[in-house]
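Have a look at the structure below, then the notes.
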Amino acid sequence: MTMTINRRRALLLGGGFTIVLLLTLMFPGVFPWAASANSLGDLPVACSAHYYALDPGKESTNAFGPPIAARDEATIKAQLYEHRFCGSDQMGDPTLTAAHYAAWSAGGFTAQKVDFSGIDAFSAKLVADHTMWKSVVDEMTALENASTFSLVSVPAGSPSLYMVPDGTGGVTTHQGVTIGTGTAVLFAHDGFEVEFRLECEFQNVRKTFPGVLSVPPGSPELPKLIPTPTPTPTTATCLPGQVENVNGVCVAPKSSNPKDYRQPGDGGKGADVGVGTKPKATVTTPAETTPAAVTTTTQTGGGGTTDSSTATLGSQSGLTAQGAAPAATTSPSPLTNEGGANNGTVSSSGM
């Protein structure tokens, strides 16, 4: 009887284990212990780097990869994560990840500082350290989920990054321009913007990329800078010996010799050459004026006849009444220390 009960228990335990095993195999996502250590979102143990820039079907030879067809936020964000992340069930692009991380780092939002000139070196670090690779992807995913999402137009000739095959199965990053118009996903975060152009596999688009090497010469299908049209200047028909000034007027050429130009006070000496008319220096002398006449009156006796005489200021040193003798002149006594016998020295005699 006891053996029968034990046998039933064993059969029940074995059947239950079998059911759980079947359910685990059929629905691995329901049971956390059944998830693979390399599944999406888990720490990758081993993966293979995949450079989308080496895939066919690109807009140009040096694009980041084939075009992204999605235009909705959910699909674009999912593809961004898939193309960056490196797990056993997918292949991530380390250089794409490093380029995007440098874009966010330029705004000071990343844990590690990565300049645009250090994209290739940082890509190599990600390949060597998958734990860092995953943390970097998680950083950017969190930033983009906290950002405002929009799609914007990208004009042709916009500064962008390009990936050039290095001949060893990898790529190097360089700066170029977009060869055509396109659409970019724009993430706006705390006043900072990051753009990835969809026609070239989430290609970085930015006003400037400090420190990034230009695309090496000789690479096929390189984008060309669209030159800024130069306005055609209007040329005046000048006579021999004349030149056109900035206003389009024909004038005599300027001389490099400063002596050829009239200077104030030189009396107008020197040849008057150059553009325009050189004004002569003019010295103005105040006109001489005649002082007003002054009339003096003397009276002789008490209430007698009054004699008058007239003198002009400046014509004589003083005024004298008619018929009077000139007044005697005396020199003032010199002050102390201004000449004379008293020179300011105090004698000790009588002290």
Are any of the residues in the range 28-45 closer than 23 Å to Ala146 by Cα, among the small types (Gly, Ala, Ser) and modelled with pLDDT of 95 or more? no
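Residue by residue, here is whether (1) in contact (Cβ under 8 Å) with a residue 40 or more places away in the chain; (2) over 21 Å from Phe187 (Cβ atoms) holds:
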{"residue": "Ala124", "(1), (2)": "no, yes"}
{"residue": "Val127", "(1), (2)": "yes, yes"}
{"residue": "Ser135", "(1), (2)": "no, no"}
{"residue": "Met140", "(1), (2)": "yes, no"}
{"residue": "Ser147", "(1), (2)": "yes, no"}
{"residue": "Ser150", "(1), (2)": "no, no"}
Examine the range 224-240 for a residue that is under 21 Å from Ser105 (Cα atoms), surrounded by fewer than 17 Cβ atoms within 10 Å (Cβ to Cβ) and modelled with pLDDT of 80 or more, and state whether such a residue exists. no
Consider Gly211 carefully, then state whether it is at pLDDT below 85, at positive phi and in a loop (DSSP other than H, G, I, E, B). yes
Might you check whether a residue that is over 27 Å from Ser48 (Cα atoms), buried (at least 16 other Cβ atoms within 10 Å of the Cβ) and within 22 Å of the chain's Cα centre (by Cα) occurs anywhere in the range 142-156? yes
Test Ile68 against the criterion of being surrounded by fewer than 16 Cβ atoms within 10 Å (Cβ to Cβ), of a type outside the set (Ser, Thr, Tyr) and modelled with pLDDT of 60 or more, and give yes or no. no
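The values are calculated or read from the model by the stated rules, or taken from the named source; none is laboratory data. All values reported here derive from a predicted model rather than from experimental measurement. So basically every Cβ, Gly included, is an ideal-geometry build from the backbone, and we count neighbours across all protein chains shown.
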